[in-house]
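The following block contains the structure, expressed as structure tokens.
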Amino acid sequence: MKGSLIVVGFFALGCVLGWSGRLPDVVIENDITVYVLYLLMFQVGLSIGSDKKLKDILGSIRPKLLLVPFATIAGTLVFSALVSLLLTQWSVFDCLAVGSGFAYYSLSSILITQLKESSLGVQLATELGTIALMANIMREIMALLGAPLFVKYFGRLSPICAGGATTMDTTLPIITRYSGKDLVFISIFHGIIVDFTVPFFVSFFCSF
């Protein structure tokens, strides 16, 4: 949770600096987000490729294991589509793009802002990217705080599905504590699979 609060703090700081008008022109006039996006994509590849447990995980994959990330992805997209029925400003594809961040707020927010700029314009694309940032941060916080309740009412796999792409790192300790050590492998495998799908799903839904 500390990491999420730090991200929110930097986001608020950026808003304040932007409103103050004290930023250098080179920062405002140049599109820095695209370079940040490149770095994030590189980091995603590094984090997955350098995982010491990756070989063991890939070597012990069973078809049933794929049901957990599949359930997370399908459930998230279905409810994201349903939310679009309540929102008039955003299309179903916009809502699906936000939902397909799967709690990976840093990557999804920048991707959405960058990819939707051509169709929505800078202001609306930035608004949608901000919504993606806040929605996915809230998902991670809810997974961290709600894990004991999820286990109690929905079963031991529910915190893993709630954690989305974060189950191989930030939410793994809380999942281990409340779901049990025997689900650590499933949690890591789930996180890797969902994490890998984020740029593909976000890019796909932003193309509409």
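Could you look through the range 68-89, keep only residues that are over 15 Å from the mean Cα position of the chain (by Cα) and hydroxyl-bearing (Ser, Thr, Tyr), and pick out the one that is farthest from Gly101 (Cα to Cα)?
This residue is Thr88.
So, one more: In the range 79-91, what residues are in a helix (DSSP H, G or I) and touching a residue at least 12 places away in the same chain (Cβ under 8 Å)?
Answer for the range 79-91, where residues must be in a helix (DSSP H, G or I) and touching a residue at least 12 places away in the same chain (Cβ under 8 Å): Phe79, Ser80, Ala81, Val83, Ser84.
May I ask you to verify whether Thr176 is farther than 30 Å from Glu117 by Cα and touching a residue at least 12 places away in the same chain (Cβ under 8 Å)? Let's see the steps before the verdict.
On the way: farther than 30 Å from Glu117 by Cα: yes; touching a residue at least 12 places away in the same chain (Cβ under 8 Å): no.
Answer is no for this residue.
Return the only residue of Thr130, Thr113, Thr76, Thr126 being part of a helix (DSSP H, G or I), surrounded by 15 or more Cβ atoms within 10 Å (Cβ to Cβ), modelled with pLDDT of 95 or more and among the polar types (S, T, N, Q).
Working: Thr130 fails: modelled with pLDDT of 95 or more; Thr113 fails: modelled with pLDDT of 95 or more; Thr126 fails: modelled with pLDDT of 95 or more.
After applying the criteria, what remains is Thr76.
Determine whether Arg139 is in a helix (DSSP H, G or I), modelled with pLDDT of 90 or more and open to solvent by 40 Å² or more (accessible area, probe 1.4 Å). Spell out the reasoning first.
Numbers: in a helix (DSSP H, G or I): yes; modelled with pLDDT of 90 or more: yes; open to solvent by 40 Å² or more (accessible area, probe 1.4 Å): yes.
Criteria met by Arg139.
Could you please let me know if Ser108 is under 23 Å from Asp169 (Cβ atoms), modelled with pLDDT under 95 and among the hydroxyl-bearing types (Ser, Thr, Tyr)? Show your work before the answer.
Numbers: under 23 Å from Asp169 (Cβ atoms): yes; modelled with pLDDT under 95: yes; among the hydroxyl-bearing types (Ser, Thr, Tyr): yes.
Yes; evaluated as a whole, the condition is true for this residue.
Can we say Leu149 is without any contact (Cβ under 8 Å) to a residue 40 or more places away in the chain, open to solvent by 50 Å² or more (accessible area, probe 1.4 Å), in a helix (DSSP H, G or I) and more than 24 Å from Gly14 (Cβ to Cβ)?
Working: without any contact (Cβ under 8 Å) to a residue 40 or more places away in the chain: yes; open to solvent by 50 Å² or more (accessible area, probe 1.4 Å): yes; in a helix (DSSP H, G or I): yes; more than 24 Å from Gly14 (Cβ to Cβ): yes.
For Leu149, the condition - without any contact (Cβ under 8 Å) to a residue 40 or more places away in the chain, open to solvent by 50 Å² or more (accessible area, probe 1.4 Å), in a helix (DSSP H, G or I) and more than 24 Å from Gly14 (Cβ to Cβ) - is met.
Kindly indicate which of Met138, Met168 is of a type outside the set (D, E, K, R), free of Cβ contacts under 8 Å to residues at least 12 places away in the same chain and within 26 Å of Gly9 (Cα to Cα).
On the way: Met168 fails: free of Cβ contacts under 8 Å to residues at least 12 places away in the same chain.
Matching residue, one of Met138, Met168: Met138.
Spot the failing condition for Leu54; the list is (1) open to solvent by less than 40 Å² (accessible area, probe 1.4 Å); (2) under 19 Å from Leu157 (Cα atoms); (3) at pLDDT below 70, and only one is missed.
(2)
The values are calculated or read from the model by the stated rules, or taken from the named source; none is laboratory data. Just so it is clear, the structure is predicted and the values come from calculations on it, not from any experiment. Backbone-built Cβ (ideal geometry, glycine too); neighbour counts: all protein chains shown. Ligands, DNA and RNA are excluded from the accessible area calculation, which covers all protein heavy atoms including side chains. Shrake-Rupley method; radii C 1.70, N 1.55, O 1.52, S 1.80 Å.
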